Amino acid sequence: MNGKELKETLFNNKKNGWDSTTDEQKGEIFKFADEYIYFLNQSKTERELIQTAKDILLKNNFKDLNETENLYAGDKVFYINRDKSMYIAVIGKEKFENGINIVGAHVDSPRLDLKPNPLYEDSEFAYFKTHYYGGIKKYQWTTIPLAIHGVIVQADGKKINVNIGEDENDPIFTITDLLPHLAMEQMEKKLKEGISGEDLNLLIGSMPYEDKDGSERVKLNIMKILNDKYGITEKDFLSSELELIPAFKARSLGFDRSMIAGYGQDDKVCAYTSLRAILNVEKPNKTAVCILSDKEEIGSMGNTGMESHEFDTFISELLNKSGENRPNLLDKVFCNSKMLSADVDAGFDPIYANVSDKLNAGKLGYGIGLNKYTGSRGKSGASDANAEYVAEIRGIFEKAGVPYQLSELGKVDVGGGGTIAYILANKGVDVIDCGVPVLSMHAPYEVTSKFDVYCAYRGYKEFYDRKG
Ligand code: MN
Ligand code: MN
């Protein structure tokens with residue numbers, strides 16, 4: 001055998017996925033990407049995503065679990081937790097006791113939230129004060145068009161939905177930055193200190209109220225506009241959740257249109273692909289479950305985050321309604337279950353090559369990315385998937401011809417990260433991180449490869465149908 005042939009047999013030959021894509025497959029990949037881009041533009045916040053997902057599920061014959069008495073093999077149900085997270089299931093032919101197949105993504109993304117007392121006037125400008133959510137590089141959030149999405153809930157329970165800055169006819173908002181001419185001192189600062197959290201104030205108006213008597217007339221004018229439009233007073237901000245997110249739309253990226261640029265692809269890309277995959281699951285052997293969780297970006301805490309017992313309660317409800325429940329069965333179900341923690345991975349960026357170990361970096365266009373472990377500084381805090389389980393997942397992907405790659409998040413000791421993987425692993429579930437590589441993760445505009453997005457969809461579908 002010559003060396004070239006021997007290499008082909010013995011080496012792990014990583015290949016650019018586009019090289020082995022037929023024109024027909026390319027058509028499918030691009031069509032899927034268009035549908036994903038449309039979805040992204042409808043679903044920029046966790047609440048909007050859950051609403052869009054609910055509409056999609058209802059159209060595809062999924063039913064609200066609360067309106068379902070008994071569950072049988074093939075039944076399709078969902079459960080929405082406080083409009084911010086969701087669990088979806090297709091009931092399998094096998095008993096739950098044998099374990100279930102879970103794909104878990106998150107639907108929250110880094111952003112700026114309004115403070116509870118946000119509105120103020122300074123030098124005849126009106127502003128909203130913000131508190132950033134998740135890990136951001138603060139300078140990236142200045143001088144870009146921002147939209148306001150969210151809800152205001154009044155003391156009597158009336159809920160007002162807010163979405164302003166997306167429509168071409170809407171105004172947008174922005175956070176100003178210093179002109180370079182006067183930024184000598186600012187430019188000397190460390191990048192992380194260049195813009196302080198308390199300076200992320202959103203510019204929202206500059207026109208005084210018509211009555212020239214009194215102070216804070218610009219603020220008053222804004223409050224008057226908001227009162228006319230939404231019927232709110234300043235106190236109603238106390239019980240609001242208003243999020244500032246980039247006002248630009250997700251688009252195809254590159255002359256070759258091979259990539260997607262969009263806000264919130266961490267982790268809406270995995271949320272969308274795992275949702276799309278479960279739509280096509282029919283009478284699986286094992287029950288297939290899709291998790292769309294909230295609060296991952298701030299540690300999965302709270303009753304809409306994955307640390308909450310809400311998910312256990314959901315599975316218990318499935319056990320009850322399928323007539324299978326008995327004391328302590330839930331623990332056994334978890335111990336026999338398998339999961340893909342569907343979250344994005346850092347894609348290798350040649351401009352910043354020095355933070356990656358090239359041999360172990362996820363690459364755009366090379367397929368769905370598996371992270372055996374995450375964590376930082378000697379794998380601290382990592383959920384490290386067992387080799388036996390990694391082998392099983394590899395086997396599933398290889399058999400189905402789903403391109404995949406195994407990678408690490410950056411070089412050793414350069415940084416690190418985590419996902420919801422450990423939470424389910426702590427319950428006894430076999431879990432591995434499995435998602436799409438991203439460039440500019442956590443930035444207002446994140447980049448993915450259409451090839452990988454489609455691989456994720458295919459990979460999750462194969463996993464939901466996992467037997468054994
Ligand atoms: Mn994520
Ligand atoms: Mn993230």
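General remarks:
- Residue within the stretch 65-74 that is under 27 Å from S449 (Cβ atoms), surrounded by 11 or more Cβ atoms within 10 Å (Cβ to Cβ) and of a type in the set (G, A, S) present: no
- With respect to (1) more than 16 Å from ligand 2 (Cβ to nearest atom); (2) open to solvent by 20 Å² or more (accessible area, probe 1.4 Å); (3) over 15 Å from D345 (Cα atoms), the lone exception for K411 is condition (3).
- Residues satisfying the stated conditions in the stretch 196-251, i.e. open to solvent by 80 Å² or more (accessible area, probe 1.4 Å), aliphatic (A, V, I, L, M) and farther than 30 Å from D294 by Cβ: M207, L220, I225
- Residue in the stretch 146-161 that is of a type in the set (K, R), away from ligand 1 (no atom under 16 Å from the Cβ) and free of Cβ contacts under 8 Å to residues at least 12 places away in the same chain present: yes
- Against the test of being of a type in the set (K, R) and either closer than 19 Å to I423 by Cβ or within 16 Å of ligand 1 (Cβ to nearest atom) (or both), the options K249, K286, K295 yield a single qualifying residue, K295.
- Consider the stretch 261-283 and keep the residues that are outside any helix (DSSP H, G or I) and away from ligand 1 (no atom under 16 Å from the Cβ). The one that is farthest from L58 (Cα to Cα) is A261.
- Tally of residues being crowded, with 22+ Cβ neighbours inside 10 Å and of a type in the set (S, T, N, Q) across the stretch 416-454: 3
- When T143, T130 are screened for being surrounded by fewer than 15 Cβ atoms within 10 Å (Cβ to Cβ) and among the β-branched types (V, I, T), only T143 passes.
- Pair list, Cβ under 6 Å, 6 or more apart: the stretch 117-135 residue modelled with pLDDT of 95 or more, other residue away from ligand 1 (no atom under 16 Å from the Cβ) and open to solvent by 90 Å² or more (accessible area, probe 1.4 Å): E121/E216
- Within the stretch 354-464, helices (runs of 4 or more DSSP H) holding 2 or more residues that are within 16 Å of ligand 1 (Cβ to nearest atom): 421-425, 450-464
- Unmet requirement for E5, which otherwise passes all of (1) in the same structural domain as I80 (by TED's automatic domain parsing); (2) open to solvent by 50 Å² or more (accessible area, probe 1.4 Å): (1)
- Flag if T313 is in a helix (DSSP H, G or I), within 16 Å of ligand 1 (Cβ to nearest atom) and either open to solvent by 40 Å² or more (accessible area, probe 1.4 Å) or among the hydroxyl-bearing types (S, T, Y) (or both): no
- Which listed residue, of T45, T21, T52, is polar (S, T, N, Q) and within 23 Å of I368 (Cα to Cα): T21
- Of the helices (runs of 4 or more DSSP H) lying entirely inside the stretch 1-85, those containing at least 3 residues that are within 26 Å of I164 (Cα to Cα) are 23-42, 46-59.
- For beta carbons closer than 9 Å, sequence separation of 6+ or different chains, a first residue in the stretch 396-422 that is outside the structural domain of G135 (by TED's automatic domain parsing) and charged (D, E, K, R) and a second that is assigned to a strand (DSSP E or B) and surrounded by fewer than 19 Cβ atoms within 10 Å (Cβ to Cβ), the qualifying pairs are D413/S376.
- Selected residue (criterion: nearest to ligand 1 (Cβ to nearest atom)) from residues of the stretch 101-127 that are open to solvent by 50 Å² or more (accessible area, probe 1.4 Å) and part of a strand (DSSP E or B): P116
- Restricting attention to the stretch 323-353, the residues that are without any contact (Cβ under 8 Å) to a residue 24 or more places away in the chain and either in contact with a helix residue (DSSP H, G or I) (Cβ under 8 Å, 6 or more places away or on another chain) or open to solvent by 60 Å² or more (accessible area, probe 1.4 Å) (or both) add up to 8.
- Pair list, Cβ under 9 Å, 6 or more apart: the stretch 1-15 residue over 20 Å from E398 (Cβ atoms), other residue of a type outside the set (K, R): M1/T9
- D266 being touching a residue at least 60 places away in the same chain (Cβ under 8 Å), open to solvent by less than 70 Å² (accessible area, probe 1.4 Å), of a type outside the set (G, A, S) and farther than 27 Å from V438 by Cα: no
The values are calculated or read from the model by the stated rules, or taken from the named source; none is laboratory data. Since this is a predicted model, take the numbers as computed values, not measurements. We place every Cβ from the backbone using ideal geometry, glycine too, and count neighbours over all the protein chains shown. These accessible areas exclude ligands, DNA and RNA; they are computed on the full protein's heavy atoms, side chains included. Shrake-Rupley method; radii C 1.70, N 1.55, O 1.52, S 1.80 Å.
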